[in-house]
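Below is one structure, written out as structure tokens; the observations come after it.
The values are calculated or read from the model by the stated rules, or taken from the named source; none is laboratory data. Just so you know, these numbers come straight off a predicted model, no measurement behind them. Heads up, the Cβs are rebuilt from the backbone with ideal geometry, glycines too, and the neighbour counts pull from every protein chain shown.
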Amino acid sequence: MTPPRTPAPVREPQSPPVHTTLQRFTDMANARGLERARVVRSQRRRTEAVPRDGGGDFYAPLLATLRRGLQAGGVERALAELLARSAPGRREHFAAVAEGFVQVVDRLQVVGAVPTQRGPWRHAELEVNVTGLFGVRLADGEQQAWVLHKKAAPLEERAADLPLSIVDAMLAARSSPLRVRVVDLRRAEVYGIDDDQQRAELRDLAQAEAEAYVSLWRAAAA
């Protein structure tokens, strides 16, 4: 006699992961109160909208020029050539960002550019895509991955916490020798992780914000 077959367990359907960028995730985390839900709702609508042509990073030509200048050992000359051929409105923004960049390069004794990693940081149902890091090498041999803040509004110290934690974890997962820094270019301010205690505190913060982001994203679909 054939024994009765044990029914297979019923698997509950799983929700697909939520994907976002480091900048969008940071924008949500830096919002307060009801503004957090509004920010995520706006992000979800833009993500699900029909894509349009155009866009891109306004500062991409400047960053490419700064990288080439570091590699060639002549940031100021490469920058002067770019500003000379840029339209007046763009030139003003480029100059403000580049001035802080040059100050940080001098203060940290940056001597060259290096490649950086890119990829996802994951926690629970959230996946944050990390791209656009700016890699540099210092005179003492240390290599750093810079998260660049280019906006006119100043970067508050708290606002640097989330990108520091996420990029630090992403680099560690890839056994990268680079150390993360968040650089407010217009004000030449640099933020980093000082010790393991701070790293653990920031990790807890990032995980809590990831869970909050997913909840707000799911709610925005209603």
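Of V104, V111, V136, V97, all but one fail to be more than 19 Å from F25 (Cα to Cα), touching a strand residue (DSSP E or B) at 6+ places or on another chain (Cβ under 8 Å) and not in a strand (DSSP E or B); the exception is V104. Search segment 117-131 for residues being part of a loop (DSSP other than H, G, I, E, B) and either surrounded by 15 or more Cβ atoms within 10 Å (Cβ to Cβ) or of a type in the set (F, W, Y) (or both), and hand back the single one that is nearest to the chain's Cα centre (by Cα). In this case the residue turns out to be Q117.
When you look at A145, is it touching a strand residue (DSSP E or B) at 6+ places or on another chain (Cβ under 8 Å) and either modelled with pLDDT under 90 or small (G, A, S) (or both), yes or no? Answer is yes for this residue.
Table: residues versus (1) in a helix (DSSP H, G or I); (2) at pLDDT 95 or above; (3) surrounded by fewer than 15 Cβ atoms within 10 Å (Cβ to Cβ).
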site: P163; (1), (2), (3): yes, yes, no
site: A169; (1), (2), (3): yes, yes, no
site: V182; (1), (2), (3): no, yes, no
site: R186; (1), (2), (3): yes, no, no
site: E201; (1), (2), (3): yes, yes, yes
site: A221; (1), (2), (3): no, no, yes
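When A159 is tested against (1) under 26 Å from L70 (Cα atoms); (2) at pLDDT below 95, just one condition goes unmet, and that condition is (1). A single member of A64, A78, A37 is within 15 Å of A113 (Cβ to Cβ) and either aromatic (F, W, Y) or at pLDDT 90 or above (or both), and it is A64.
Pairs are defined by a Cβ separation below 8 Å, a sequence spacing of at least 6 or placement on different chains, a first member in segment 66-89 that is over 19 Å from L185 (Cβ atoms) and small (G, A, S), and a second member that is part of a helix (DSSP H, G or I) and modelled with pLDDT of 85 or more; the pairs so defined are A72/A78.
Within the set G54, G89, the sole residue that is at pLDDT below 90, out of contact with any His (no Cβ under 6 Å at 6 or more places or on another chain) and either part of a strand (DSSP E or B) or on the phi > 0 side of the Ramachandran plot (or both) turns out to be G54.
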